[in-house]
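One structure is given below, encoded as C-alpha cells.
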C-alpha cells in the first residue's frame, strides 16, 4: 500500500499549497510524503467555510448528524488495512497497534453519534404563567489541535465531539503524522458531510494557533499536547474570552499493593508501558511497589521488557516501534544519564539501537531519587521507573507529589484499599487492576497541570455546547 497524497481539506474540497514539509518514516528516516503548509489565505478560507458549515450543520437534525457520523465510521472500518498501514509508516508503531487505533477512533465516532441525539435540555418548574427552559446549543466553530502520537484516534476524539454537538471544526493535525487525519476527512467527505463542517489544515503550529485562536468565528479551542503549549494556548484564548478544552501531559503513577501477584502485575505493566514506545500521555511510568513484592515485580518487568522485539512496525513479530524523531532520542538519553548520575540503577535498556531509525531500547530504572529529572518530567518514551515503598501512605504521597494528574493506576485485591485509592489519588482517571485509562463511554481528562475539561462519555459533548436559559411569560 502507498502512503496517501496529502492535501488540505477546506469547504468540502481538497486544496493544494505551494509550501510543504517532509514527512519521515521514523523506522528508517526516509521521506514518505510532503505535508502541505497552510497560508493565511488558506486559513481565512477555512474560517469562512466553517462559518457556513456551522450554519447548515447546527440546523441539521441530531439523528441526521448521527447517520453521517456513523457512515463515516463504517467507511473507516472498511478501510482499516489502508489506514493502519499509513499510521505505521508515519508514526512507527506496530501494525497491530495501528489497527487497534483505527478501531478505537471508530468507537469514539460511534459513541458520539449515539450521544448527539441525547443532548437534552430541561423544563424548570415555575409559576403557571411562565416557563423556564434550559437549552444546550452547539457552541460554534471549534479550532482543534491534535498531536502526533495517535494520528487517527486523537483527531477522532475532537472531530467526533464537535460534529455530534452540531459544531463545525477546523482541525490542525500533526505535521509529523498527517495521514491519519487525511483518512478521516476522506471518510466524512464520502459519507456526505456538508461542505465546511470539517476542515483540515497543517502548518507551523505556532503560526496556525496564533492566527486561528483570536478570530471571532472561533468559539472553542480544543487541544491535546504538552502542558507548556496548553498553558500558552489557554492564555491566548483567554485574551479573547474563548473557552478551552485541554488534555495535557501526564506522568502516571502505578501503585502495586502487597496483596497481588507481583509476577502477573510486572508482566502486565511492562507490556502496557512500552505500548506505542511509551509515547502515550496516560502511559504507566512511575511504579511504586510495596517492598515485599519489589524484587519479584522488578524481575518480571525486566524479563518482559528484554523479551520485546523492537523494530519496523511493518515487520512480523515486532512489539515496539521507534520513537517519533531524533529529538526524543536525545531527550531520553539525557534523562537516563541524569537519573544514573543521581544514584538510579539502570536494570534494562538505556540506549539507542544501532543503524537507521529512531529506536530506543525498552528501559527500566530502579530506585531513582525524587530529584532526578525523569521523576519530575514526563519521559514520553520507553522508560519505566520502579521504586519500592514501605506503605500505602507513602505510595499515595509520592503518586500525588507532581503537578500532573491525568491518569493513575493501582493493583490491589482489597476492597477497602481500592476505595481509599479512588478517593485519594489525584488524577482524572484512576484504573484499578487494569491499565486501560480511557474508553469511548467514559469521560477522559485531567486535573492540575494535566488539563481542563472532559472528552468522551456522556460528559464529552458538554464543552461543545452552550447552556441557554429561556424565560417565557405567557401573555
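We did not get these values from a lab; they are worked out from the coordinates using the rules stated. Just so we're clear, the structure is a prediction, and the values are computed from it rather than from any experiment. Virtual Cβ from ideal backbone geometry, glycine too; neighbours counted across all protein chains shown.
Could you grab the relative contact order for segment 252-439? Cα pairs under 8 Å, six or more apart, rounded to a whole percent.
On the way: 379 pairs, mean separation 50.7, N = 188.
After rounding, I find 27 percent.
Mind running the shape call on the chain? Use the C-alpha gyration tensor, a ≥ b ≥ c as the square roots of the eigenvalues: rounded below 1.5 for a/c, prolate if a/b tops b/c, oblate otherwise.
It is oblate, given that a/c is not under 1.5 and a/b is not larger than b/c.
Please sort 223-233, 382-392, 28-38, 271-281 by packing, taking for each peptide the average over its residues of neighbouring beta carbons within 10 angstrom, highest first.
Values: 223-233: 19.6, 382-392: 21.4, 28-38: 18.0, 271-281: 23.1.
Put in order of decreasing packing, that is 271-281, 382-392, 223-233, 28-38.
At a 10 angstrom cut-off on C-beta neighbours, averaged per residue, how do the peptides 132-142, 16-26 rank from highest to lowest? Show your work: numbers first, answer last.
Details: 132-142: 19.0, 16-26: 16.8.
Going by the mean number of other Cβ atoms within 10 Å, highest first, we get 132-142, 16-26.
Mind ranking 46-53, 87-94, 467-474 by how tightly packed they are, going by the mean number of other C-beta atoms within 10 angstrom, highest first?
Descending packing order for the listed peptides: 87-94, 46-53, 467-474.
Return a whole-number percent for the relative contact order of segment 329-395, with Cα pairs under 8 Å and 6 or more residues apart as the contact set.
Here the relative contact order equals 31 percent.
Please list, short to long, the whole-number percent of alpha-carbon pairs of segment 252-439 in consecutive 5 angstrom bins beginning at zero.
Bins of 5 Å from zero give 1, 9, 18, 22, 21, 15, 8, 4, 1, 0, 0 percent of pairs.
If you take all C-alpha pairs in segment 357-470, what percent of them are over 18 Å apart? Walk me through the numbers before you get to the answer.
Values: 4013 of 6441 pairs.
The answer is 62 percent, as a whole percent.
Which order do 169, 267, 117 fall in if you start with the one that has the fewest other Cβ atoms within 10 Å?
Lowest count first: 117, 267, 169.
Sort segment 159-212 into rounded, prolate or oblate with this rule: let a ≥ b ≥ c be the square roots of the eigenvalues of the Cα gyration tensor; rounded if a/c is under 1.5, and if a/c is not under 1.5, prolate when a/b is larger than b/c, oblate otherwise. Could the numbers behind the result be given before it?
Details: a/c = 2.34, a/b = 1.43, b/c = 1.63.
Judged from the Cα gyration tensor, segment 159-212 comes out oblate (a/c at least 1.5, b/c at or above a/b).
Any idea how far the Cα center of segment 351-417 sits from the one of segment 281-314, in Å?
Centre-to-centre distance over Cα atoms comes out at 10 Å.
Once you have a ≥ b ≥ c as the square roots of the Cα gyration tensor eigenvalues for segment 173-260, tell me rounded if a/c is under 1.5, and otherwise prolate or oblate according to whether a/b is larger than b/c.
Oblate, because a/c is 1.5 or more while a/b does not exceed b/c.
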